[in-house]
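Colleague: First the structure, then my questions, so here it is.
Read-outs throughout are calculated quantities, based only on the coordinates presented, and are distinct from any laboratory measurement. Note that the structure is a prediction, hence the values are computed from the model and not measured. A quick note on method: Cβ atoms are made from the backbone with ideal geometry, for glycine too, and the neighbour counts reach across all protein chains shown.
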Ligand SMILES: CC(C)(COP(=O)(O)OP(=O)(O)OC[C@H]1O[C@@H](n2cnc3c(N)ncnc32)[C@H](O)[C@@H]1OP(=O)(O)O)[C@@H](O)C(=O)NCCC(=O)NCCS
């Protein structure tokens with residue numbers, strides 16, 4: 001990522017928007033090492049509730065890290081911090097290819113200053129900063145949606161949670177037919193195989209993860225997202241995982257092609273899985289077997305999963321309750337860069353004229369030729385291209401939802417896509433269609 005310093009913005013006498021008193025003289029700038037971190041903590045508490053004593057040190061370390069990156073913008077009124085917004089440096093995987101992603105978080109304004117346009121002004125500055133630093137995309141979990149829609153973020157995907165009775169996991173069904181084995185042969189699909197002595201299944205390299213395993217975990221997760229051509233999940237900077245991995249009540253296992261992290265919940269009634277990822281049948285079974293081994297204590301496993309996780313096809317009865325829990329939003333910050341970085345299904349070929357209207361990021365606006373072939377895509381200027389066809393027309397929100405896999409027909413009904421025809425809808429669905437998910441919350 002290129003690092004540019006974020007310019008200070010001082011709001012003009014006229015408000016950016018909104019009801020209440022006009023917004024005057026508010027200064028927006030990145031928090032620096034000299035700023036009072038307790039003022040940020042006070043804002044955090046007023047907006048999102050208490051920070052428990054056990055989490056305070058990790059909170060400080062994480063905020064200091066973001067300040068060092070210039071990734072927290074503060075709104076100051078006469079030198080006093082009255083609002084802030086932050087983003088995490090992340091990577092997001094789109095059809096198995098990673099691209100830099102700014103994970104927006106902690107958008108907050110002091111209660112007595114809300115409704116005057118401070119949040120709007122901060123988000124304008126934050127989006128400009130994210131664009132200046134070259135991020136093609138940005139994602140966030142919205143507590144309220146309108147503020148982000150104003151700036152072109154749109155609901156793009158979900159997090160998915162499965163609840164599985166532990167007894168169902170104790171005897172997973174074998175692979176369907178003789179002859180169905182995995183390529184690469186790391187143990188086959190029957191749950192047998194010869195893994196490390198004492199470890200379940202035949203998962204290659206399965207072992208406990210330690211606090212030093214941040215880089216290995218990020219690498220393995222990336223390999224799984226790539227192999228399974230996942231749409232939406234993120235990875236973090238490895239050093240950010242250290243505190244998480246160091247927690248004594250948090251258990252992590254790492255394999256060559258899989259990762260599991262879980263903890264006890266509701267006393268020991270439940271096993272709560274933060275992440276379970278596996279790119280081979282042997283590793284999937286081995287990780288689920290580790291969870292199943294807790295059946296004598298925990299009645300059920302609650303797991304944050306990709307929506308197409310293997311477990312749905314492995315239990316004897318239809319015992320897996322899977323539901324979408326949180327929605328998250330996506331912003332296509334740099335449309336040509338995002339399309340160039342995204343993966344697409346290898347068999348899809350597409351050439352469509354697209355007209356984007358994005359007044360907040362005008363560089364995305366205009367007529368483009370969207371081409372997809374050989375697993376990759378491109379968006380090139382077509383302003384002068386002579387055509388008789390009606391281009392597909394999108395705003396920033398429609399572009400974000402389409403990019404994340406929403407069906408073109410549904411976007412039409414929602415008023416987020418127009419132009420084109422049934423043929424272009426089919427082509428766009430074949431290229432982008434996905435149930436995008438995140439496993440991480442931030
Ligand atoms: C959400 C929040 C950051 C908005 O900041 P703000 O300075 O009040 O926002 P603005 O005055 O610029 O208004 C922007 C939009 O926010 C919404 N908004 C304003 N006050 C709000 C409030 N108290 N709660 C929820 N949304 C609010 C409005 O819908 C407005 O959009 P509009 O153009 O449709 O009127 C602020 O209300 C806040 O800190 N809320 C608590 C923390 C929170 O929920 N943060 C969001 C985390 S994703």
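Colleague: Of the conditions (1) free of Cβ contacts under 8 Å to residues at least 60 places away in the same chain; (2) assigned to a strand (DSSP E or B); (3) within 14 Å of the ligand (Cβ to nearest atom), residue 42 satisfies every one except a single condition; which number is it?
Modeller: Answer for residue 42: the failing condition is (2).
Colleague: Taking the options 126, 140, name whichever one is within 17 Å of the chain's Cα centre (by Cα), surrounded by 19 or more Cβ atoms within 10 Å (Cβ to Cβ) and within 16 Å of the ligand (Cβ to nearest atom).
Modeller: 140
Colleague: Quick check: anything in segment 88-100 within 16 Å of the ligand (Cβ to nearest atom) and in contact (Cβ under 8 Å) with a residue 24 or more places away in the chain?
Modeller: yes
Colleague: Right, another one. Take residue 120 and tell me if it is at negative phi, assigned to a loop (DSSP other than H, G, I, E, B) and within 16 Å of the ligand (Cβ to nearest atom).
Modeller: The answer is no for residue 120.
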